[in-house]
Structures are given as structure tokens and as C-alpha cells.
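Chemist: Structure below; questions to follow.
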Amino acid sequence: MAVSTITKNKRDGTITFSDNAGANSITVAYEEGDLSITVPGESVSHYLDRGRITSTPSIRYLDDQPVTFTFSANLRDVSDATDEILTELILGPSGRIGTNWVSTMGANGEVFTVTTLFTIEGTDHGDAADHTLTMNFCRLTGSIAEGDPDTISISGTAYDLYPTPT
């Protein structure tokens with residue numbers, strides 16, 4: 001498959017959260033298009049020779065580091081008993097998400113996590129397929145801010161070493 005010649009932009013992306021086995025999901029709407037994903041990979045330790053960098057540096061992989069991400073969206077609702085609302089993912093979880101969703105850690109998992117799917121439109125631009133990054137076991141936190149408009153900012157930690165691309 002050839003590399004796409006079309007530069008992607010914020011109009012091409014969607015963010016979807018889902019629970020264990022994908023039985024329930026919510027696609028983020030009215031968002032800013034400012035998703036940022038940080039992929040630190042494995043930490044690297046650098047060993048010096050009496051405080052000096054050697055001509056071939058002595059570096060080794062150490063601990064795995066989780067993927068992190070942030071984005072913001074317009075605040076439209078806080079909680080609902082019949083519909084999934086974005087803020088419910090960071091408020092406990094609460095509402096319909098708190099009642100009906102099962103953590104990707106399982107029903108007895110202590111930490112509530114979800115799967116995060118970032119989809120970038122490709123087929124509409126002549127690519128052979130849409131492009132995706134899947135991040136598993138994501139714990140979400142966030143904040144709500146008043147303004148014009150009110151916003152919700154979500155931060156996530158995906159307990160994966162790398163997102164899964166397709």
C-alpha cells in the first residue's frame with residue numbers, strides 16, 4: 001500500500017471510548033480536535049564513564065512507560081441515566097456509564113479502564129483504509145472549566161507500551 005499523499009487534519013479524526021469487549025461505546029462529539037498522544041516507550045538509562053559520555057554511549061532499556069493522551073471538548077451535559085455522557089467517564093464513573101459499562105480490567109477490576117480508539121479518516125481521501133490507533137486499559141481523569149463555551153478536558157493513561165496502529 002502506498003503512503004498517503006493527503007495530509008490529515010483535525011477534521012479527519014474521531015475518538016471513541018468502549019468498555020470490556022466493546023459492548024458499550026461513546027464517540028466524542030463537539031470536540032476541539034486537539035488530541036495529543038505521548039508515546040514514551042521504554043525508559044533508557046545512560047551509564048557514564050567517570051561522568052563522561054563514551055564514544056559509543058552505554059545505554060540500556062529499563063522500565064516500560066505507559067502511553068498518555070489529552071484532548072478537550074465542549075461541555076454539553078454532565079450525566080444521564082439513559083445516554084452515555086462524556087463527563088461520566090471522569091466522574092466516578094457515573095450515570096449510564098457507571099451503571100452499564102464493565103471495565104476493561106473486568107467486572108472485578110479495582111481500576112475502571114476503557115479502550116480508546118483514535119480513527120483518522122483515510123478512505124474519503126483515496127487511502128486504502130482509515131487509520132487507527134487503539135490504546136488499551138485507559139484510566140481517564142479530567143477537568144471541567146466554565147467559559148464560552150464550557151469545556152471538559154480529559155487526560156488518559158493507557159497501560160500499554162505502544163498504541164496498536166492499523
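Taken together, the values in this text are just the output of simple stated rules run on the coordinates, not laboratory data. Predicted model only: the values in this text are computed from it and were never measured. Here the Cβ is made from the backbone with ideal geometry for all residues, glycine too, and neighbour counts use every protein chain on show.
Chemist: What does the charge dipole of the stretch 10-165 about its Cα centre add up to, to the nearest 20 debye, if the Cβ of each Lys and Arg holds +1 and the Cβ of each Asp and Glu holds -1?
Modeler: 720 debye
Chemist: What distance in nm separates the two pseudo spin-label positions at residue 68 and residue 100, each 7 Å out from Cα along the beta-carbon direction?
Modeler: 3.3 nm
Chemist: Assuming R0 = 35 Å, what is the FRET efficiency of residue 52 and residue 157, from their Cβ-Cβ distance, to the nearest 0.05?
Modeler: Efficiency, rounded to the nearest 0.05: 0.45.
Chemist: What FRET efficiency do you get for residue 129 and residue 91 if R0 is 35 Å and r is their Cβ-Cβ distance, rounded to the nearest 0.05?
Modeler: On the way: r = 35 Å, r/R0 = 1.01.
After rounding to 0.05, the efficiency reads 0.50.
Chemist: Taking neighbour Cβ counts within 10 Å as the exposure measure, how do 110, 121, 42, 88 sort from fewest upward?
Modeler: Result, fewest neighbours first: 110, 42, 121, 88.
Chemist: Have a look at 39, 57, 70 and report the one farthest towards the positive end of the charge dipole of the stretch 23-71, computed about the Cα centre with Cβ charges (Lys/Arg +1, Asp/Glu -1).
Modeler: 57
Chemist: Something else: Averaging sequence separations of C-alpha pairs under 8 Å and six or more residues apart, then dividing by the length of the chain, give the relative contact order as a whole percent.
Modeler: 26 percent
Chemist: Also, quick follow-up: Rounded to the nearest 500, what is the 222 nm mean residue ellipticity of the chain from helices alone, with -39500 (n - 2.57) per DSSP H run of 4+ residues and division by all residues?
Modeler: Theoretical 222 nm ellipticity from helices: -1000 deg cm²/dmol.
Chemist: Still on this model: What FRET efficiency, computed as 1/(1 + (r/R0)^6) with R0 = 35 Å and r the Cβ-Cβ distance, is obtained for residue 80 and residue 38, rounded to the nearest 0.05? Before the final figure, lay out each step's value.
Modeler: Numbers: r = 31 Å, r/R0 = 0.90.
After rounding to 0.05, the efficiency reads 0.65.
Chemist: As I understand it, the dipole of the chain uses +1 on the Cβ of Lys and Arg and -1 on the Cβ of Asp and Glu, about the Cα centre. Which of 165, 104, 23 lies farthest toward its positive end?
Modeler: 165
Chemist: Now a separate question. Using C-alpha positions alone, give me the convex hull volume of the stretch 10-165 per residue in cubic angstrom.
Modeler: 177 Å³
Chemist: Also: Counting Lys +1, Arg +1, Asp -1, Glu -1, what net charge surrounds residue 79 among other residues with beta carbon under 13 Å of its beta carbon?
Modeler: Cβ neighbours under 13 Å give a net charge of -3.
Chemist: Next up: Going 7 Å from the Cα of residue 25 toward and past its Cβ, which residues in the stretch 136-166 have a backbone nitrogen under 20 Å from where you end up?
Modeler: Counting only backbone N, you get 136-140, 156-160, 163-166.
Chemist: Now a separate question. Taking the Cα centre of the stretch 47-96 as origin and charging only Cβ (+1 Lys, Arg; -1 Asp, Glu), how large is the dipole, in debye to the nearest 20?
Modeler: Numbers: 5 positive and 8 negative charges, 109 e Å.
In debye, rounded to 20, the stretch 47-96 gives about 520.
Chemist: Compute the signed sum of charges (Lys and Arg +1, Asp and Glu -1) over the other residues within less than 12 Å, Cβ to Cβ, of residue 40.
Modeler: With Lys, Arg at +1 and Asp, Glu at -1, the neighbours total -4.
Chemist: Let me ask another. Counting other Cβ atoms within 10 Å, which trypsin sites (Lys or Arg not before Pro) in the stretch 22-117 have at most 10 and lie in a DSSP loop?
Modeler: Filter output for the stretch 22-117: 50.
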